[in-house]
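Just below is one structure, and these are the notes that go with it.
The values are calculated or read from the model by the stated rules, or taken from the named source; none is laboratory data. Since the model is a prediction, treat every value here as computed from it, not as a measurement. As a convention, Cβ positions derive from the backbone with ideal geometry for all residues, glycine included, and neighbour counts pool all protein chains shown. Only protein heavy atoms, including side chains, enter the accessible area calculation; ligands, DNA and RNA are left aside. Shrake-Rupley method; radii C 1.70, N 1.55, O 1.52, S 1.80 Å.
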Amino acid sequence: MPLRLLAILTCLLFSSPQSAADDYRFDMPSKLYALGDVHGAYNELVTLLQGAELIDSQLKWRGGNSHLVSVGDLLDRGNDSRKVIDLLMRLEQEAAAAGGQVHVLMGNHEQMNLMGELHYVTPGEFASYQDLETGELRGKTYQHFVEHHSDPESSDSLMVQFEKAYPTGYLGHRLAYSEQGRYGEWLLQRPAFLVIGDIGFVHGGLSSAVAGLSTNGINERTQHKIRQFMQSQQTLIEQGHDLSRHGWFERLELAKQLAESATDAAVRESASTLYSAGSDKMLNSEGPLWYRGNVMCLALYEQPMLQRRLENYNIRQLVVGHTPTPEREITAYLGGRVIDIDTGMNVEYYGGKPALLEIQSDDYRVYSEGEWQAWQPTTPAPTIESTTYDQWEQRLNKAEVVSTEEVGEGVTKPLKVTLKDKQGEFYAIFKHEDTRPRRRNHHHQLSDSYRFEIAAYALARALDLTQIPPTVERKVNGRDGSLQLWIKDTFNESRRLKEGLYPAENCILSYQHSLMNLFDILIHNDDRTRANILYQQKSWNLWWIDQSRTFRTFSRPPEYLAQAKLLYSPILHQRLKSLNRQDIQRAVGRWLDSDQLRGINKRREYLLKQWENRR
């Protein structure tokens, strides 16, 4: 069947409005518990469940009619994954008999194990399946390996290669996670998305890829595509084309090539099915098992999209895992709409703090480190190194200047300043240039002033934007200037492009660059370069620096931004509409003159008009 036709039929099969009869919706129980990614951390899991009195000292269910949700990723990275899955499979039965429920969701690592992506399986995990691996099976597999090895090698060398490719327990693992295997059969019935009361649960997150799919539709399509992939991959092996030993993307490319060029029609059909299933949006970065945007992408754009998904499924909140929280504590995002409970339960791998979330109506508690604590799903104020922006402004103003050194190659010679206070040493960048041409018609358009650094920061704060590091006016070495916090552990756009660096989600770049372009239009920044676009290591937070050549008086954007695509954000739209002349005056009037203030307002009106025309 042609790939395009197969994709169209798939969409028609699983797209449907929200169904009244939903297999994956449950009433809110008196007590609801949720735990994040386990990754083989059996002892930590047992400690949490016993501490919450959901299991007893014999590891039997004692939670009565409570519901427990695991958001997936029981497997990989830890040697005791099999013990974890055995425990939860048993508790599922015991809880049901007691009037409760244990819900285990499909995670991306369950998907990978089912589909043969095994590079996160530890040697200890493989070894735990040795009991399922007979000597006869291992012998036959070795003989097949020898027969299909094209290079003339000694038997000793081939055995070494075989043991590396098929470590002890590998074959037992593959049997266990086959379609008819004990764990494979069970996992293929796990949902990707679950609703209990008005709370949704998913491993990764909900993106626009699920728009138009019911709860049943998401789960049926995800399960169907994984099963379809497994079946077609096995069929190809039987047809003499074992793609399972290749990496994921290479496997898909090889399948695509076979689908287009294999002489055997049966091989073409199997390869086409494998490629279509493996490329399906439910199983990739935008799908519910993989999507990180709900916790990693810019709230100004992500929150409205998610709100539409919440409304589609009649839920108020979404509980996710998949993305370990920065502080290894349960964390809320997008105004409390998203709760990330992946706190790095596998302490050896993540250095985390195992935690369990309890939900009773609107009350939340967290069990961690042996005790219960009240918790609220509020999004904390933005911080840098656990310090708020207001606190950084105070530190920048009051800390002792320890030393200064020239940095950069420009004529303005900014200084890197070392400062010290009771909280320790930190760094900042100091600019003192304040050049304004005498000729009136050049005065605004060629100015280069530290005042504009402060004004840009103040205007960003007035719009609740946090992409410019805290900046204050201060005297250093006897000169007035701007003092801006030095952001550590960054790399710039030049390095990103040179090294081909990309974040986990496309929205991380697209959202942040759109916002930067919008703000650069507002302040008429005609000096944005690859060198002054900074990314934070690991988090990919985008920082805007070097705003000293800004606030020209033109009513339209800089030429290089005239055709910039500005992604629409209703939140930002409202903020711009609410930013009147008086607000602008209060925010930046101290550092700008009346012509520059009028320029800001004209460009604000230009931006609003652009959005109105494009919507």
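A Förster distance of 60 Å, applied to the separation of the beta-carbon atoms of GLU348 and GLU473, puts the FRET efficiency at 0.80.
Gain on full extension, evaluated as 0.36 nm per residue between ALA265 and ALA381 minus their Cα-Cα distance, stands at 35.8 nm. When each of the peptides 479-486, 535-542, 576-583 is scored by the mean number of other C-beta atoms lying within 10 Å of its residues, the order from highest to lowest reads 479-486, 535-542, 576-583. Derived scalar couplings between HN and Hα for the range 175-180 equal 5, 5, 9, 6, 4, 9 Hz in order, rounded to whole Hz, by the Karplus curve 6.51 cos²θ - 1.76 cosθ + 1.60 (θ = phi - 60°), x for Gly and Pro.
Here each label is just a point 7 Å from Cα along the line to Cβ, and for GLN563 and HIS148 those points are 5.0 nm apart. Shape class of the range 336-390 from the Cα gyration tensor (axes a ≥ b ≥ c, square roots of the eigenvalues): oblate, since a/c reaches 1.5 or more and a/b does not exceed b/c. The distance between label points at ALA98 and ALA211 comes to 4.4 nm (points 7 Å beyond Cα on the Cα→Cβ vector).
Overall, the accessible surface of the chain at a probe of 1.4 angstrom is composed of carbon and sulfur to the extent of 47 percent.
Here the gap between GLU329 and SER510, fully extended at 0.36 nm per residue and compared with their Cα-Cα distance, gives a gain of 62.4 nm. Between ALA462 and ASP27, the FRET efficiency from the beta-carbon distance, with R0 = 60 Å, is close to 0.85. For Cα extents along the principal axes in Å, computed directly from the structure shown, the correct entry in (1) 108, 100, 58; (2) 90, 59, 51; (3) 179, 65, 43 is (2). Calculated mean residue ellipticity at 222 nm for the chain: -12500 deg cm²/dmol, from DSSP H runs with n ≥ 4 weighted as -39500 (n - 2.57), summed, divided by the residue count and rounded to 500. Computed from backbone phi, the HN-Hα couplings of the range 362-379 come to 9, 9, 10, 9, 10, 9, 7, 6, x, 8, 8, 9, 5, 8, 10, x, 9, 7 Hz, rounded to whole numbers (Karplus: 6.51 cos²θ - 1.76 cosθ + 1.60, θ = phi - 60°; Gly and Pro given as x). Simple rule: put +1 on each Lys or Arg Cβ and -1 on each Asp or Glu Cβ in the chain, find the dipole, and look at THR168, THR553, GLN58; the Cα lying farthest toward the positive end is THR553.
Restriction of the trypsin sites (Lys or Arg not before Pro) in the range 385-432 to DSSP coil positions whose beta-carbon has at most 16 other beta-carbons within 10 angstrom yields LYS422. For the chain, the per residue solvent-accessible surface stands at 46 Å², with DNA, RNA and ligands left out and a 1.4 Å probe.
FRET efficiency for the pair ASN314 and GLN50, taken as 1/(1 + (r/R0)^6) with r the Cβ-Cβ distance and R0 = 56 Å, rounds to 0.95.
What are the residues whose amide H is under 5 Å from the amide H of THR331, where those residues sit 5 or more places off or on another chain and H is modelled from the backbone? Residues meeting the criterion, in which the H sits 1.01 Å from N, are ASP340. Which parts of the range 530-572 would a label at ASP583 reach, counting a residue when its backbone N lies under 16 Å from a point 7 Å out along Cα-to-Cβ? 569-572, by backbone N distance to the label point. Phi angles across the range 320-334 convert, under the Karplus curve 6.51 cos²θ - 1.76 cosθ + 1.60 with θ = phi - 60°, into 3J(HN,Hα) values of 10, x, 6, 10, x, 5, x, 9, 6, 10, 4, 9, 9, 9, 6 Hz, Gly and Pro given as x. Straight-line reach from LYS422: taking Cα to Cα under 19 Å and skipping same-chain neighbours fewer than 8 places apart, the aspartates and glutamates in range are GLU385, ASP390, GLU393, GLU400. The modelled label-to-label distance for the pair ASP363/LEU501, using points 7 Å beyond Cα in the direction of Cβ, is 4.7 nm. Across the range 470-615, the relative contact order, built from alpha-carbon pairs under 8 Å that are at least six residues apart, equals 22 percent. Annotation note: GluC sites (Glu not before Pro) in the range 374-403 located in DSSP loop regions with a Cβ neighbour count of at most 16 within 10 Å are GLU385. Pairs spanning more than 20 Å between alpha-carbon atoms, out of LYS431/LYS498; LYS83/LYS281; LYS353/LYS488; LYS413/LYS498; LYS431/LYS475: LYS431/LYS498; LYS83/LYS281; LYS353/LYS488; LYS413/LYS498. Structural descriptor for the range 246-372: relative contact order 12 percent, calculated from alpha carbon pairs under 8 angstrom and at least 6 residues apart. With contacts taken as Cα pairs under 8 Å at a separation of at least 6 residues, the chain carries a relative contact order of 11 percent.
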